[in-house]
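First up is the structure itself, then whatever we jot down about it.
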Amino acid sequence: MEPIATNPAFDPDGRFCDKNQKGPVWFLASTFEGVADRTCEIPRGRAIFVSLGGAILSFKPEFPDPGHPCLQLATDLEQVRCDVNKAVALAPDISLEATIDGVSVQDLYAYRAQSQPGGFTLQVPDPSLITDFGFPPGDRSPAVEEGYYLFLKPLARATHTLNFIMTNPDQSQTGVNYTLIVR
């Protein structure tokens, strides 16, 4: 929920990759546009969770947009889940590629995951990425998220490469070429 100015998804070179990193899992962000080259130091023994792109978040009361066919469903949760599912269903129209130390990760579409069935409450602080996009702060419920993710076991102490690219139907690309220094 970092504001755009310090959000790892807008990070040009890796300077924010340690932002709010706590616990046994290190989170690595994709981009919202373009392909970034980032260098990131990761403490040894941390698993790595990577958003490959295509992650969609929907929450009430702002989504789905007025006139959206999902609004015909009975509950708020059904509506936001439908909104996310329709967006992520574009997967056949996108191409996903990922390599770890030069080895291709196969069948990336198998790594589609979604938030818990009952949704969750999204706590939107001020400032945050969500408020930077013009939404007011506060709790949003229900909220759901879905997309393509990798969860990697801790890497050995060394320098590694992690590259992932999502190519959209218009041939634009998002992704990151990470140089990961496990210390």
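Residues that are part of a strand (DSSP E or B) and exposed (fewer than 14 other Cβ atoms within 10 Å of the Cβ) are absent from segment 162-173. The test for being closer than 21 Å to Gly53 by Cα, surrounded by 15 or more Cβ atoms within 10 Å (Cβ to Cβ) and in contact with a strand residue (DSSP E or B) (Cβ under 8 Å, 6 or more places away or on another chain) holds for Tyr148. Report yes if Phe151 is over 24 Å from Trp26 (Cα atoms) and among the hydrophobic types (A, V, I, L, M, F, W, C), otherwise no. So Phe151 does not fit the description; no. Applying the criterion of being of a type in the set (Ser, Thr, Tyr) and part of a helix (DSSP H, G or I) to the residues of segment 97-133, the residue that is modelled with the lowest pLDDT is Tyr109.
Could you check how many residues of segment 19-55 are of a type in the set (Lys, Arg) and in a strand (DSSP E or B)? Qualifying residue count for the region: 1.
So for segment 38-54 (the condition being modelled with pLDDT under 95, surrounded by fewer than 20 Cβ atoms within 10 Å (Cβ to Cβ) and among the small types (Gly, Ala, Ser)), does at least one residue qualify? Taking every residue of segment 38-54 in turn, none turns out to be modelled with pLDDT under 95, surrounded by fewer than 20 Cβ atoms within 10 Å (Cβ to Cβ) and among the small types (Gly, Ala, Ser). With respect to the conditions (1) touching a Pro at 6+ places or on another chain (Cβ under 9 Å); (2) loosely packed, with under 14 Cβ neighbours inside 10 Å, Gly23 falls short on a single one, namely (1).
The values are calculated or read from the model by the stated rules, or taken from the named source; none is laboratory data. These numbers come from a predicted model, not from an experiment. Here Cβ is always computed from backbone atoms with ideal geometry, including for glycine, and neighbour counts include all displayed protein chains.
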